[in-house]
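Enquirer: Quick one: the structure is below, questions incoming.
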Amino acid sequence: MSKHEEPDDAAASPADAPSTETAPRPPMTAWRRVRGAWRPRATRAQILAAILCAVLGFALVVQLRQTQQDEFAGLRQSDLVRILDDVNRRSDALEREAAALRETEFELQSGSDSQRAAIELAEQNVAVQGILSGRLPAEGPGLEITIVEGTKRITAARLFNVLEELRNAGAEAIDVNGIRMVTSSYFTDADQGVVIDGIPVSAPYRWSVIGDPQTLEPAIAIPGGAMATITTNGGRTTIQQKTLVEIRSVREPAEPKYATPDVGD
Amino acid sequence: MVTSDYSMGEYNVIPVFGLLIGIAAGLFLEPTVPVYLQPYLPIAVVAALDALFGGLRALLDGMFDDKVFLVSFLSNVVVAALIVFLGDQLGVGTQLSTGVVVVLGIRIFSNAAAIRRHLFKA
């Protein structure tokens, strides 16, 4: 009636075959009650197999879900460590790359900044050098000086002294009768007055000077100075401090023929 | 063999229902596998599948025994998990679980071949 009565097979289940298979099982009281409804032999084996199959199905589905949910869930520790190492290496490499790119960006930005600063400085220099070299018109506080000849002629040397004293006192821009004074300016004596930079000029000499008036006036009017020498020789001078002196005359500086800039240090 | 035919008809129904109920429970309950069980569950499932196929073959051979089935099912699962656990402790978990899966796979194939011979005589 049942397979249980076939005791002659040792390899009953290929999965495992304990030797107790052939021995008659002791009746179980718990199962006997269940047997009331069904055939005694079938019920127990069926329910047992059903329970095991249910466990198997449950575990199978759970494992399938687990595998689908998380690709890392089924991996063991060593594999996970290897993957983590890979990820770390990769993120390290990316971070290094990002740092290098940031550095490049910074360099480019600071490069353009320093270039702009250089251009600004150059523009500023152009203005400063232009005023000092007489290339640009200028305005600012300073002095208006008028020198009128007396009976004696005012020599070129005395006028040059005035120019020198003004320069010493820190005059930044000087104009004499519409002629801009530059570093190469010269005075020579002529029949009528003087010649300044090749242009004949006669008295009265009007000087427009831009600089600190408080410094320039005492310097030019110092006893025994250039002005004093002119007045003792019969000339008359007037010195006026002004808050705004305008110098419109300009002079294009000549290219240096012999001197070249020394770029070395 | 009268008993064999009779038992085949009766025995197959309820375990199949059990399998379906287990699958449905797994689908609806959506449990998460505890971390400490995660390395062993796949191997245990394969071992249980082996036991299932063995039981099926025994059924067709006419020598199914519920106790043998129970013991083989549980021992298969426990031994497989134990081997994997041991392999993990020894640092050869990956290789050993591969070996277990290969062995169980071979057994499943041979059992399936025996079942096929019973059903199709081929």
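Enquirer: Report yes if some residue within region B:16-25 is over 17 Å from the mean Cα position of the chain (by Cα), at pLDDT 80 or above and open to solvent by less than 70 Å² (accessible area, probe 1.4 Å); otherwise report no.
Expert: First, pick out the residues of region B:16-25 that are over 17 Å from the mean Cα position of the chain (by Cα): B:24-25.
With the extra rule that they be at pLDDT 80 or above, the set shrinks to B:24-25.
Applying the additional criterion that residues be open to solvent by less than 70 Å² (accessible area, probe 1.4 Å) yields B:24-25.
Checked region B:16-25: at least one residue is over 17 Å from the mean Cα position of the chain (by Cα), at pLDDT 80 or above and open to solvent by less than 70 Å² (accessible area, probe 1.4 Å).
Enquirer: A follow-up question, please. Among the numbered criteria (1) part of a helix (DSSP H, G or I); (2) touching a strand residue (DSSP E or B) at 6+ places or on another chain (Cβ under 7 Å); (3) of a type outside the set (Asp, Glu), which single criterion is violated by A:Leu143?
Expert: Only one criterion in (1) part of a helix (DSSP H, G or I); (2) touching a strand residue (DSSP E or B) at 6+ places or on another chain (Cβ under 7 Å); (3) of a type outside the set (Asp, Glu) is unmet by A:Leu143, namely (1).
Enquirer: Still on this structure, please answer the following. Out of all the residues in region B:82-102, is one or more charged (D, E, K, R), in contact with a helix residue (DSSP H, G or I) (Cβ under 6 Å, 6 or more places away or on another chain) and either crowded, with 17+ Cβ neighbours inside 10 Å or at pLDDT 90 or above (or both)?
Expert: Keep residues of region B:82-102 that are charged (D, E, K, R), which gives B:88.
With the extra rule that they be in contact with a helix residue (DSSP H, G or I) (Cβ under 6 Å, 6 or more places away or on another chain), the set shrinks to none.
No, region B:82-102 contains no residue that is charged (D, E, K, R), in contact with a helix residue (DSSP H, G or I) (Cβ under 6 Å, 6 or more places away or on another chain) and either crowded, with 17+ Cβ neighbours inside 10 Å or at pLDDT 90 or above (or both).
Enquirer: Please pick out the residue among A:Arg158, A:Arg102, A:Arg135 that is open to solvent by 60 Å² or more (accessible area, probe 1.4 Å) and under 22 Å from A:Thr232 (Cα atoms). Please lay out each step first, then the result.
Expert: Details: A:Arg102 fails: under 22 Å from A:Thr232 (Cα atoms); A:Arg135 fails: under 22 Å from A:Thr232 (Cα atoms).
Criteria check complete, one pass: A:Arg158.
Enquirer: Filter region A:48-99 down to residues that are open to solvent by less than 50 Å² (accessible area, probe 1.4 Å), assigned to a helix (DSSP H, G or I) and modelled with pLDDT under 90, then give me how many there are.
Expert: Matching residues across region A:48-99 total 14.
Enquirer: While we're on this one: Considering only region A:142-152, how many residues are out of contact with any Gly (no Cβ under 8 Å at 6 or more places or on another chain) and buried (at least 16 other Cβ atoms within 10 Å of the Cβ)? Even if it seems obvious, please write down each step before you answer.
Expert: Step one: filter region A:142-152 for residues out of contact with any Gly (no Cβ under 8 Å at 6 or more places or on another chain), giving A:144-146.
When the remaining residues are screened for being buried (at least 16 other Cβ atoms within 10 Å of the Cβ), the result is A:145.
Matching residues across region A:142-152 total 1.
Conditions tested, residue by residue: (1) under 22 Å from A:Ser133 (Cβ atoms); (2) part of a loop (DSSP other than H, G, I, E, B).
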| site | (1), (2) |
| --- | --- |
| A:Ala171 | yes, yes |
| A:Asp175 | yes, no |
| A:Val195 | yes, no |
| A:Ala203 | no, yes |
| A:Trp207 | yes, no |
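Enquirer: So which residues in region B:13-48 are among the small types (Gly, Ala, Ser) and either without any contact (Cβ under 8 Å) to a residue 12 or more places away in the chain or within 7 Å of another protein chain (Cβ to nearest Cβ) (or both)?
Expert: Initial filter on region B:13-48 (among the small types (Gly, Ala, Ser)): B:18, B:22, B:24-26, B:44, B:47-48.
Of everything in region B:13-48, those that are among the small types (Gly, Ala, Ser) and either without any contact (Cβ under 8 Å) to a residue 12 or more places away in the chain or within 7 Å of another protein chain (Cβ to nearest Cβ) (or both) turn out to be B:Gly18, B:Gly22, B:Ala24, B:Ala25, B:Gly26, B:Ala44, B:Ala48.
Enquirer: Hey, another quick one. Looking at region A:209-238, which of its residues are under 18 Å from A:Phe160 (Cβ atoms) and open to solvent by 20 Å² or more (accessible area, probe 1.4 Å)?
Expert: A:Ala219, A:Ala221, A:Ile222, A:Gly224, A:Ala228, A:Thr229, A:Thr231, A:Thr232, A:Asn233, A:Thr237, listed by residue number.
Enquirer: Further, regarding this structure: Could you grab me the full set of residues in region A:177-193 that are in a loop (DSSP other than H, G, I, E, B) and of a type in the set (Asp, Glu)? First the steps, then the outcome.
Expert: Applying the first criterion (in a loop (DSSP other than H, G, I, E, B)) to region A:177-193 yields A:177-178, A:181-186, A:190-193.
Scanning region A:177-193 gives a single hit, A:Asp191.
The values are calculated or read from the model by the stated rules, or taken from the named source; none is laboratory data. What you are looking at is a predicted structure, and each value in this text was computed from that prediction instead of being measured. When we count neighbours, we look across all protein chains shown, and the Cβ atoms used for this are built from the backbone with ideal geometry, even at glycine. Accessible surface is based on the protein model in full, side chains and every heavy atom, while ligands, DNA and RNA are left aside. Shrake-Rupley method; radii C 1.70, N 1.55, O 1.52, S 1.80 Å.
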